[in-house]
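A.B. asks: For reference, the structure I am asking about is given below.
Rule-based calculations on the coordinates, nothing more; no lab input. Since the structure is predicted, the reported quantities are computational estimates derived from the model, not experimental observations. Quick reminder, even Gly has a Cβ in these numbers, built from the backbone with ideal geometry, and neighbours come from all protein chains shown.
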Amino acid sequence: MSTSREHFSSKIGFILAAAGSAVGIGNLVGFPVAATKNGGGAFLIIYALFVAFICLPIMLAEMGLGRRTQHSPYSAYAELGKNAIQWRLAGWFATITPFMIAVFYMVITVWIFGYLFQTLSGNLEVIAQPEYFGHFVNDYSFVGYLIAVTLIINFILVGGVRKGIERASKILMPTLFLMLILLVIFVLTLDNAMAGVEFYLVPDFSKIDGSVINGALAQAFFSLSLGMGILITYGSYFRRNDDIVTSGKLVAITDTAVAFTAGLMTLPAIFAIYPDTNPESLSDSSVSMIFSFFPQIFMQLSDIIGYGFATVAASVFFLLAFVAAITSLVSIIEVPTSSFMEKRNVSRSTALLVMGIAITILTLLAATSFGLVPWVSHVITYAGIDKSLFDVIVDVFYETILPLNGLLICLFVRFRWKRENFAAELGEGNSNYATSFLHKYVNFAIGTFIPLILALVFANTVAAKFFGVALL
Ligand code: PFF
């Protein structure tokens, strides 16, 4: 079944779809908490520099490769890489990584959906109990939520690029911005909120060390959805005269702006309820913040604004997180789906059916990693730590292969595609690119220090995660 490739209908359609991918769970809680613990404004500055000087060039390379070939990652690498084994391998990594990241992200999204369902049912009091999350993750009610989330994602994706992804993004992203702004305004009116703003924004450069810098880069890389094949796939839905460069910049700015704005919700909320919070004591894990800490915050809030309003605030928060997660999942599941359509010449609905079944089975398995099924909860031990299937997926794909994929695209541009051809691709649709500073910078950086930094991050992660040796 060979059909001509679908394209985004407009620049704003692409920007909203790509921003939908980029704005995810990490933006809402992970980023603000990481910033507060690691030097506030100092972290924000470093993060912004990484977005502009390291992530943006990689983002443009991914989008350029997609648009140049009009293919999803595997075929894009295979075609431009003249079928050489190393580039086919890069294409394969860029296809399997989103598949596996979709599995771990799906587990968290299904939990968010469960919590949203509970708050909407008036059960804020129940989910705020300290032991609730432990019971929740070990309960088979998960399966019902998983089916609901899978149906929602398939409902969006079956419409294709314009009628599915683009249309959903045009509705969901403005809704997300609105909910976020409403929550920020509400939270900032609470007593003590400003203490949170202060911790978030006042720079403390003494906190910056190697691991903070590494963490900021990893966060920026993940937040912009790099290394997941998503922007190669979305790039392939661009037409030749579309402006990749401006669109890429706008996506990076939107994602960073949302992460920054979320800090004006998350931190003031924490400090309004617990004024004596020591920022150091906040959990690094977005999962424990979202599912354990935040429900308690909303419950405490009911002492100030009443249970009914606290339930509304909690529902808006979980809906916000759910929308952020769904638009990211849509983009990531599109990668293996479009690859499958291309490789097997099947229709979108057939590809979605196959992907849906495969991801659902793996998600079910990964979701039993928290004690429900003993052997899944302890599949392997490395670096002296007992790991569940969920942990292994996070360690291998999120921590390790993501930076490797970034490194591979830089090497691909430098040694196979060639930087002048890459620049010519970016110049199509943006006549100023050839003479811009950005052009000179991107061409230099992507062939020199960006791959070097990513190679170091990759080597350090492998050594630390799998062998328990810290190189940096
Ligand atoms: N940028 C997304 C986020 O910050 O959550 C990254 C992402 C993760 C995209 C998982 C898609 C996805 F399924």
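A.B. asks: Using Cα centres only, tell me the gap between region 236-286 and region 401-472 in whole Å.
C.D. replies: Centre-to-centre (Cα) distance: 23 Å.
A.B. asks: Using the Cα gyration tensor of region 178-245, with a ≥ b ≥ c the square roots of its eigenvalues, what is the shape: rounded (a/c below 1.5), prolate (a/b larger than b/c) or oblate (neither)?
C.D. replies: Cα axes put region 178-245 in the oblate bin.
A.B. asks: How high is the relative contact order of region 1-101, in percent, with contacts defined as C-alpha pairs under 8 Å that are six or more residues apart?
C.D. replies: The value is 13 percent.
A.B. asks: Among V103, V373, rank each residue by its count of other Cβ atoms within 10 Å, from fewest to most, as a rough exposure measure.
C.D. replies: By the 10 Å Cβ count, ascending, the order reads V373, V103.
A.B. asks: Bin width 5 Å, origin at 0, all Cα-Cα pairs of region 205-277: what percent of pairs per bin?
C.D. replies: Per 5 Å bin, starting at zero, the Cα-Cα P(r) for region 205-277 comes out as 3, 12, 14, 17, 18, 14, 9, 6, 4, 2, 1, 0 percent.
A.B. asks: Output the Cα-based Rg and Dmax of region 258-313 in Å, rounding Rg to one decimal and Dmax to a whole number.
C.D. replies: 11.6, 32
A.B. asks: For region 331-451, what is one quarter of the convex hull surface built on the Cα atoms, given in nm²?
C.D. replies: Reported value for the Cα convex hull: 11.2 nm².
A.B. asks: Among residues other than G160 whose Cβ falls under 15 Å from its Cβ, what is the net charge (Lys/Arg +1, Asp/Glu -1)?
C.D. replies: Value of the local net charge: +2.
A.B. asks: Additional query: Under a point-charge model restricted to the Cβ atoms of Lys and Arg (+1) and Asp and Glu (-1), what is the dipole moment magnitude of the chain relative to its Cα centre, in debye to the nearest 20?
C.D. replies: With only Lys, Arg, Asp and Glu charged at Cβ, the dipole is about 1980 debye.
A.B. asks: Per Stokes-Einstein, at 4 °C and 1.567 mPa s, what whole-number D in µm² s⁻¹ belongs to region 1-76, with the Kirkwood radius over Cα pairs as the hydrodynamic radius?
C.D. replies: 86 µm²/s
A.B. asks: Nearest 10 degrees, 0 to 90: what angle lies between the long axis of helix 142-157 and the longest principal axis of the chain (Cα atoms)?
C.D. replies: That works out to roughly 40 degrees.
A.B. asks: Nearest 10 degrees, 0 to 90: what angle lies between the long axis of helix 11-22 and the longest principal axis of the chain (Cα atoms)?
C.D. replies: Around 60 degrees separate the two axes.
A.B. asks: For a test of the definition: using alpha carbon positions, the gyration tensor, and the 1.5 limit on a/c, classify region 159-201 as rounded, prolate or oblate.
C.D. replies: Because a/c hits 1.5 or more and a/b exceeds b/c, region 159-201 counts as prolate.
A.B. asks: Given N residues in the chain, what is its alpha carbon radius of gyration divided by 2.2 N^0.38 Å?
C.D. replies: 0.95
A.B. asks: Once you place label points 7 Å from the Cα toward the Cβ at N138 and N241, how far apart are they in nm?
C.D. replies: Output for this residue pair reads 6.2 nm.
A.B. asks: Can you find, among F221, V184, I165, the residue sitting farthest towards the positive end of the charge dipole of region 161-252, where Lys and Arg contribute +1 and Asp and Glu -1 at Cβ?
C.D. replies: Result: I165.
A.B. asks: Taking all pairs of distinct Cα atoms, average 1/r, flip it, and tell me the Kirkwood hydrodynamic radius of region 98-210 in Å to one decimal place.
C.D. replies: Radius from the Kirkwood sum: 17.8 Å.
A.B. asks: List the relative contact order of the chain as a percent without decimals, with contacts defined as Cα pairs under 8 Å and 6+ residues apart.
C.D. replies: Dividing the mean separation by the residue count of the chain yields 32 percent.
A.B. asks: Another question, then. So what are the ³J(HN,Hα) numbers for region 29-34, from phi and the Karplus equation (6.51, -1.76, 1.60; θ = phi - 60°), rounded to whole Hz, Gly and Pro as x?
C.D. replies: Karplus-based 3J(HN,Hα) across region 29-34 equals 10, x, 5, x, 5, 4 Hz.
A.B. asks: Charges at C-beta only: +1 for Lys and Arg, -1 for Asp and Glu. How large is the resulting dipole of region 76-167 about its Cα centre, in Debye rounded to 20?
C.D. replies: Around 580 debye, computed over region 76-167.
A.B. asks: Computed from the mean reciprocal separation of all distinct C-alpha pairs, what Kirkwood hydrodynamic radius does region 247-352 have, in Å?
C.D. replies: With all distinct Cα pairs of region 247-352 included, I get 16.8 Å.
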